[in-house]
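Before any comments, here is the structure.
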Amino acid sequence: MAAEGYSVIHDGHKKPGRAGRGRTAACPRTSDAPDGIDATCFFARGSAMKKIPLKDIFLVFLKIGTFSFGGVYSMLTLVERELVEKRQWLSHDEFIESVAIGQMTPGPPIVNTGICIGYKLHQTKGALAATLGQIFTGVAMAIVLAVFYVNTQDNRVLKSIMHGVGAAVVGLLLSIVYKFACKTVRDWKSALFSIGAFIALAVFNLNAIGIIIFACFLGILIYRKRGRA
């Protein structure tokens with residue numbers, strides 16, 4: 001169920017959206033913001049859009065939190081499918097911007113991403129609804145499973161289940177990486193960013209937060225020059 005009649009503030013002017021589609025124009029890329037994202041535009045654009053009902057936000061994020069397994073990046077697959085492809089509450093660029101902001105802020109990246117999206121859809125109440133929805137099932141089941149696992153951790157059936165789930169998660173991770181690469185790695189410079197970050201983390205085991213911060217400053221230097229040219 002997509003919201004109707006979205007509009008977006010873009011460079012100080014209103015730009016009508018296509019009714020019933022929920023699509024919006026992406027924020028302009030700026031050299032002064034980390035990863036080139038104009039955060040002011042991102043949140044201002046959300047406030048200009050017709051608000052999605054809180055109940056819908058909560059239920060969708062409850063579904064995401066209930067049926068997502070395997071960690072942050074496998075969870076992003078379901079988030080993209082539900083919010084971008086199915087309901088079209090966000091464009092793909094807006095989804096990528098939310099993920100980037102979630103990665104740059106302290107705490108669980110997927111929760112931070114949900115907060116950004118929730119705020120965009122219904123401001124502060126939307127952020128709270130998204131957060132409660134995505135953590136509710138996980139918190140309840142984590143407590144139950146922790147108690148169960150402590151008492152049955154040597155069970156062969158349980159070990160077999162965990163091995164199967166772990167192998168499936170690898171496929172989910174590859175799927176989201178492939179989609180992100182196709183839509184964000186658009187030139188040789190962004191390809192070098194991706195390869196460099198992979199080598200820094202996988203080979204040299206550098207701190208992931210440090211890699212992101214370094215990429216922010218390097219992105220400002222490289223893409224600012226391109227913008228001036």
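The values are calculated or read from the model by the stated rules, or taken from the named source; none is laboratory data. Note that the coordinates shown come from a computational prediction; the quantities given were computed from them, not determined experimentally. Every residue, glycine as well, gets a Cβ built from its backbone with ideal geometry; the counts of neighbours run over all protein chains shown.
Below, the figures for the structure above:
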| quantity | calculated |
| --- | --- |
| Test result for CYS41, at pLDDT 90 or above and under 25 Å from ILE213 (Cβ atoms) | no |
| Hits in the stretch 172-187 - residues which are hydrophobic (A, V, I, L, M, F, W, C) and in a helix (DSSP H, G or I) | LEU172, LEU173, LEU174, ILE176, VAL177, PHE180, ALA181, CYS182 |
| Which numbered condition ALA140 misses (of (1) in contact with a Phe, Trp or Tyr (Cβ under 9 Å, 6 or more places away or on another chain); (2) at pLDDT 85 or above) | (1) |
| THR77 within 8 Å of the chain's Cα centre (by Cα) and closer than 19 Å to GLY138 by Cα | no |
| Filtered residue count, the stretch 141-171, keeping only those that are assigned to a helix (DSSP H, G or I) and of a type in the set (D, E, K, R) | 2 |
| Search result, residues across the stretch 140-180 that are touching a residue at least 24 places away in the same chain (Cβ under 8 Å) and of a type in the set (Val, Ile, Thr) | VAL165, VAL169, ILE176, VAL177 |
| Residue among ALA208, ALA146 that alone is surrounded by 11 or more Cβ atoms within 10 Å (Cβ to Cβ) and hydrophobic (A, V, I, L, M, F, W, C) | ALA208 |
| Selected residue (only one of LEU158, LEU201, LEU221, LEU172 is more than 22 Å from LEU76 (Cβ to Cβ) and surrounded by 12 or more Cβ atoms within 10 Å (Cβ to Cβ)) | LEU158 |
| SER190 being under 26 Å from ARG81 (Cβ atoms), in a helix (DSSP H, G or I) and not assigned by TED's automatic domain parsing to the domain that holds SER68 | yes |
| Subset tally (residues that are touching a helix residue (DSSP H, G or I) at 6+ places or on another chain (Cβ under 9 Å), over 20 Å from PHE67 (Cβ atoms) and small (Gly, Ala, Ser)) for the stretch 147-190 | 2 |
| Test result for ILE199, of a type in the set (Val, Ile, Thr), in contact with a helix residue (DSSP H, G or I) (Cβ under 8 Å, 6 or more places away or on another chain), assigned to a helix (DSSP H, G or I) and at pLDDT 85 or above | no |
| Qualifying residue in the stretch 210-222 (condition: out of contact with any helix residue (DSSP H, G or I) (no Cβ under 9 Å at 6 or more places or on another chain), over 24 Å from GLN88 (Cβ atoms) and part of a helix (DSSP H, G or I)) | yes |
